[in-house]
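Heads up, the thing below is written out as structure tokens.
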Amino acid sequence: MYIPQYFREDELPVLHAMMEETGLATLITATAKGLVATHLPLLLDRSRGVSGTLYGHVARANLQWQNYSPESEALAIFLGPQAYISPNWYATTRQTGKVVPTWNYVAVHAYGKVLFFEDRDRLRKIVTELTDKHESGFTPPWRVEDAPPDYIEGSLKAIVGFEMEIQRIEGKWKMNQNHPLENRQGVIAGLKEEARSSGLDLAAIMEKRESGKDS
């Protein structure tokens, strides 16, 4: 990922927090038949490995796990809040007109080797932890145990688990850091006025950055 220095984010806790908040990732692997990508929720164990370890599962029918070479490097992409940025929000537009549109976003790229497995107990653990994480905001939360045992067993047979210890990680927080403060303030105001969900999340991150807090 191309990351100019002013967009670079290297703080591992910040990168981990973004990955956990985003939830859904894109797992990309190289196979003998070319690149394969799967969109799926992932779990992060911050404590395992230098940069953490990712866990998830794919459908057994998914050729990604069948054709993957264990020696090949894989990439998991987490895309956070993102929004189109209009030049109309810049003070520079009114001053000189020397501006162009852009797109602000938060992204983390995690690289490592993927190990697929079919162990039933490990699969159930991943499914349970993923469910508990994303059901935590519901009252009452749905639990894996709420479904009939034979149905869960059948579902587990239809998936394959995997883990990926993160060998290197990159973070890009593209927030108009290459613009003067008045332009960044204009973008925050514009995103709030537009009031779209992802844009509001982006504006909140920009505000925290301006105040010197972590995102």
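The values are calculated or read from the model by the stated rules, or taken from the named source; none is laboratory data. Given the structure is predicted, the values throughout are model-derived calculations rather than measurements. Methodologically, a virtual Cβ is constructed for each residue, glycine included, from the backbone with ideal geometry; neighbour enumeration extends over all protein chains shown.
So which residues in the stretch 159-211 are within 19 Å of the chain's Cα centre (by Cα), of a type in the set (A, V, I, L, M) and over 30 Å from R122 (Cα atoms), if there are any at all? Within the stretch 159-211, M175, L200, L202, A203, A204, I205, M206 meet the criteria.
Any residue in the stretch 144-166 that is within 30 Å of E71 (Cα to Cα) sitting within a Cβ distance under 6 Å of a residue that is polar (S, T, N, Q)? List the pairs, counting only those 6 or more apart or interchain. Hits for this filter: E163/T53; E165/T53; I166/S51.
Residue-wise test of (1) in contact with a strand residue (DSSP E or B) (Cβ under 9 Å, 6 or more places away or on another chain); (2) farther than 24 Å from L202 by Cβ.
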residue	(1), (2)
F78	yes, no
P81	yes, no
Y90	no, no
T96	no, yes
N104	yes, no
R124	no, yes
G137	no, no
P140	no, yes
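Contact annotation: residue pairs with Cβ atoms under 9 Å, 6 or more positions apart or on different chains, pairing a residue in the stretch 76-95 that is in contact (Cβ under 8 Å) with a residue 60 or more places away in the chain with a partner that is charged (D, E, K, R) and in a strand (DSSP E or B), are Q82/K174.
In this structure, does E210 turn out to be surrounded by 14 or more Cβ atoms within 10 Å (Cβ to Cβ), at pLDDT below 95 and acidic (D, E)? When the stated conditions are applied, E210 does not pass them. Applying the criterion of being among the hydrophobic types (A, V, I, L, M, F, W, C), assigned to a strand (DSSP E or B) and modelled with pLDDT of 95 or more to the residues of the stretch 28-67, the residue that is farthest from the chain's Cα centre (by Cα) is A59.
Residue by residue, here is whether (1) buried (at least 19 other Cβ atoms within 10 Å of the Cβ); (2) part of a helix (DSSP H, G or I); (3) not polar (S, T, N, Q) holds:
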residue: L79; (1), (2), (3): no, no, yes
residue: R94; (1), (2), (3): no, yes, yes
residue: K98; (1), (2), (3): no, no, yes
residue: N104; (1), (2), (3): yes, no, no
residue: R122; (1), (2), (3): no, yes, yes
residue: T139; (1), (2), (3): no, no, no
